[in-house]
Amino acid sequence: MDSNYIQIMIQSLEKKTVVLNHLIELNKQQKLYLQDPNLSPEDFEKNMDRKAALVDELNQLDSGFEELYERVKEALHTDREAYAAQIERMQELIREITDKSNMVQTQELRNKEQVQRKFADVRKQVKGVRNSQRVVRQYYQNMAKQGANEPKFLDNKK
């Protein structure tokens, strides 16, 4: 019975590496989106939604792995030789997961900086548009006032 739990744990770790690979790809895609000056907010939001779903899946895999580990922890420690190959496989997968997790964190930090720069640029553009609209509105208000008090010329010569 413990062997089945251990095999499920290995499958969970393998699934986690697949999910991390998808997350790495989505981060690369997000980086390209952020470099695109014509970024579609809908595309960016879809990317973020997919990443959120993957993070949720990672959390579920983690909690499932921890529950299984609690069930087989004693058997793994007492009969280490019998499960040596499976323990070694789990250790390999955990090292791979750690490397991929570090890569994802690095990508996230870079993308976060790009997002902050992008939003700062958007705020500048919005501020510029608002200032332009204010100037245009003032211009029209001034022109409307001048139209009401147009100078009148009288020809005094006959």
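The values are calculated or read from the model by the stated rules, or taken from the named source; none is laboratory data. Since the structure is predicted, the reported quantities are computational estimates derived from the model, not experimental observations. Don't worry about glycine lacking a Cβ; one is built from the backbone with ideal geometry, like all the others, and counts go over all protein chains shown.
Assorted remarks:
- Within segment 101-125, considering residues that are β-branched (Val, Ile, Thr) and out of contact with any helix residue (DSSP H, G or I) (no Cβ under 6 Å at 6 or more places or on another chain), the one nearest to VAL55 (Cα to Cα): THR106
- Any chance LYS100 is among the basic types (Lys, Arg) and either at pLDDT below 95 or not in a helix (DSSP H, G or I) (or both): no
- Some residue of segment 20-40 being surrounded by 11 or more Cβ atoms within 10 Å (Cβ to Cβ), hydroxyl-bearing (Ser, Thr, Tyr), farther than 30 Å from GLN125 by Cα and modelled with pLDDT under 90: no
- Restricting segment 57-98 to residues that are among the β-branched types (Val, Ile, Thr) and farther than 19 Å from LYS15 by Cα, the residue that is farthest from the chain's Cα centre (by Cα): THR78
- Here LYS51 meets each of (1) closer than 24 Å to SER3 by Cα; (2) free of Cβ contacts under 8 Å to residues at least 40 places away in the same chain; (3) charged (D, E, K, R); (4) surrounded by 11 or more Cβ atoms within 10 Å (Cβ to Cβ) with one exception, condition (1).
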